[in-house]
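Just below is one structure, and these are the notes that go with it.
The values are calculated or read from the model by the stated rules, or taken from the named source; none is laboratory data. Treat the numbers as computed from the prediction; the structure is a model and nothing was measured. Cβ atoms come from the backbone with ideal geometry, glycine included; neighbour counts cover every protein chain shown.
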Amino acid sequence: MNESRIAKQEIKSLKEIISNNSLKIPPYQRPYKWDEKHVTQLLDDIYEHIIIQEKTYRIGSVILHEVNKNELNIVDGQQRLTTISILLKALDKEDCLLLNQKYKHKISKENIVYNYRVINNWKQKISKENIEFFYNKLIENCEFVLFTVFNQDEAFQLFDSQNARGKELEPYDLLKAFHLREMKYNTEEEKSNCVKKWEESIENHTLKPIFDNHLFKIRKWAKNESIYNFTKKDIDEFKGISLYEKQQFPYEESLRTLDGVITNAQNDYYLKNHKMSQTYPFSITMPIINGKRFFEYIEHYIELKNNLIPLEQKMEVSAFNKFYKKYCLYYQSDRAGDQKVRNLYENILLQFIDRFGFVSDFENYYIAFYKEVFFIRCNSKSIRLETILNSPSRKIIQEINNSLDPNQLRNYIFKPIKIKEDLDLVNNIEFIKEAINTNNFRENESK
C-alpha cells in the first residue's frame with residue numbers, strides 16, 4: 001500500500017521526534033562511529049545557537065523509510081540521532097530516543113559508552129540549576145528536516161543524492177547503499193549478513209584498500225584506461241546487471257544461468273552432497289552482478305589478497321611471503337614512490353592468481369614480474385602517478401586479462417633486464433639492482 005504514496009518533507013522539533021516511538025535502526029545500518037571531535041562540535045554548535053544566541057538550531061536532515069505506521073527505519077541521520085540520544089541520557093531524561101534499541105555492532109556499543117563520558121564532561125559547563133532550562137531549550141529549539149519515503153528504493157536514492165557531495169562519505173558507502181537497494185528480494189538476514197561482513201572489513205582496514213589500491217585499478221588497467229584514483233564519480237565501475245530485471249543484452253544470459261546454478265547448489269541437499277561448487281566463480285574484471293553477489297565479490301577479493309599477502313604473520317610462511325618481505329618491504333619501502341611501485345606489482349600478481357591460480361611454477365612468474373616492475377624503481381629518482389600510468393609494466397595486467405594460458409606470459413621469465421651499474425638514483429635498493437642484474441633472487445633471499 002505504501003509503495004504509491006508520495007514522499008514528504010517536513011521540519012520537526014526534537015520534542016516532536018522524541019514523542020515518536022516508531023523510529024528504528026534497520027539491520028543494514030552501519031555502526032555508530034562518531035568520535036569525541038564530532039560529538040563536541042555538535043554540542044558546542046547547539047549551545048552557541050540555543051543558549052548564547054537564543055536562536056533555533058537545525059541539527060541536520062534525517063531520511064526515514066516508513067515500513068508501516070509502527071516502524072520508521074532510519075536510512076540516514078543515525079549518527080546525529082544517536083548522539084542526541086546519548087545527550088538526553090546524560091541529562092537524566094527518560095526519553096532516550098534510540099538508546100533502548102539493540103546496537104548489534106561492538107564498535108557502536110563502545111562508542112556510545114565513550115561518548116556518554118564525553119558528554120558528561122561537556123555538560124559541566126551547565127550549572128545544575130540550569131540543566132532543566134537547557135533541556136527545554138534543546139527539545140523546543142533544535143529541529144531536524146525529515147524526509148519520509150514509503151519505498152526502500154526511493155529511500156536509498158534520496159540517500160545517494162543527499163550524500164553524493166558530502167565530504168565524509170567514501171565511494172564505497174554509496175556502493176553499499178546502492179547494492180543493498182538491489183537486494184529487495186533477499187531476506188533481512190541476508191542483508192544483515194552482508195552489512196556485518198562489510199563493516200568488519202571497514203574495522204579491520206581491508207575494505208578501502210581493496211577498492212582504492214586493487215580492484216578499481218585492475219579493472220581499469222585491464223581495459224587500458226589510464227586512471228589511478230578511485231573517487232565518487234567512478235562508482236559506476238562497480239555497478240552492473242540486476243538479475244531480477246528484464247534481460248537487456250545477450251552477454252547477461254551466461255551470468256544469470258551461472259548464478260542460478262550456484263544458488264541451486266547452495267540450497268539443494270543432493271548437489272551439496274555431490275560436492276557441487278557452492279561459491280560463485282568470480283573474476284576481477286567480470287561484469288558486476290548487483291546486490292548480494294557484489295558483496296560476495298568484495299569479500300572474495302579481500303580474502304584472496306590476504307592469502308597472497310597475509311595481514312598477520314602465519315605459522316607457515318610461503319616462499320613468496322619470504323620473497324615479498326625481503327624485496328618489497330625493505331628499509332624505506334614506505335616512501336611514496338616505492339609504495340606506488342609495490343602496488344603495481346601486487347596488482348599484477350592478483351590479476352595473475354585470479355586468472356590462473358597458484359601455478360606450479362608461480363615462483364618463475366612472481367620473480368619475472370618483480371624485475372619488470374621494480375626496474376621502474378631502480379631507473380627513476382622520482383615516482384609519480386604518470387610514471388606508473390605510462391609504464392609498460394602496467395600493461396601486463398591487460399596482457400594477463402587477454403591470456404588463456406599462463407604460458408602465453410612466459411616471455412617475461414626469459415626476458416633479460418639490466419640496470420646500469422653506475423645508476424645510483426635511490427638509496428637502500430642496491431641489493432635489488434644486484435638481484436635484477438644477476439637474476440639471482442634465490443641466493444639473495446638467504447642473506
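Scanning the stretch 365-376 for residues that are over 29 Å from the mean Cα position of the chain (by Cα) and closer than 23 Å to Ala319 by Cα turns up Tyr365, Ile367, Ala368, Lys371, Glu372, Phe375. The set of residues in the stretch 229-254 that are charged (D, E, K, R) and either closer than 17 Å to Leu175 by Cα or assigned to a helix (DSSP H, G or I) (or both) comprises Lys232, Lys233, Asp234, Asp236, Glu237, Lys239, Glu252, Glu253.
Can you pull out every residue in the stretch 255-274 that is assigned to a helix (DSSP H, G or I), of a type outside the set (Val, Ile, Thr) and modelled with pLDDT under 75?
The first filter runs over the stretch 255-274 and keeps only residues assigned to a helix (DSSP H, G or I), leaving 255-267, 269-273.
Still in the running and of a type outside the set (Val, Ile, Thr): 255-256, 258-260, 264-267, 269-273.
Those that are assigned to a helix (DSSP H, G or I), of a type outside the set (Val, Ile, Thr) and modelled with pLDDT under 75: Gly260, Asn264, Ala265, Gln266, Asn267, Tyr269, Tyr270, Leu271, Lys272, Asn273.
Residues to consider are Glu48, Glu54, Glu16; find the one that is at positive phi and modelled with pLDDT of 90 or more.
Glu54
Scanning the stretch 316-330 for residues that are part of a helix (DSSP H, G or I) and within 15 Å of Lys305 (Cβ to Cβ) yields Phe320, Asn321, Tyr324, Cys328. Of the residues that sit in the stretch 388-420 and are among the small types (Gly, Ala, Ser) and closer than 20 Å to Thr285 by Cα, which one is surrounded by the most Cβ atoms within 10 Å (Cβ to Cβ)? Here the answer is Ser393.
Applying a threshold of 6 Å to beta carbon distances and a minimum spacing of six or more residues, or different chains, the list of pairs starting in the stretch 288-311 at a residue that is within 17 Å of Asn347 (Cβ to Cβ) and outside any helix (DSSP H, G or I) and ending at one that is modelled with pLDDT of 95 or more and among the acidic types (Asp, Glu) is empty.
Ile367 falls short of the stated requirement of being of a type in the set (A, V, I, L, M, F, W, C) and touching an Asp or Glu at 6+ places or on another chain (Cβ under 8 Å). On the stretch given as the stretch 385-410, residues that are free of Cβ contacts under 8 Å to residues at least 12 places away in the same chain and within 26 Å of the chain's Cα centre (by Cα) total 1. Filtering the stretch 182-230 to residues that are among the charged types (D, E, K, R), surrounded by fewer than 18 Cβ atoms within 10 Å (Cβ to Cβ) and within 30 Å of Lys395 (Cβ to Cβ) leaves Lys208, Lys223, Glu225. Across the stretch 17-34, the qualifying residues are those that are outside any loop (DSSP other than H, G, I, E, B) and among the hydrophobic types (A, V, I, L, M, F, W, C), and the one among them that is nearest to Leu174 (Cα to Cα) is Leu23.
For the stretch 98-214, which fully contained helices (runs of 4 or more DSSP H) count at least 2 residues that are modelled with pLDDT of 85 or more?
Working: elements: 106-122, 131-141, 152-163, 171-181, 188-203.
Because the criterion is at least 2 residues that are modelled with pLDDT of 85 or more, the helices (runs of 4 or more DSSP H) in the stretch 98-214 that meet it are 106-122, 131-141, 171-181, 188-203.
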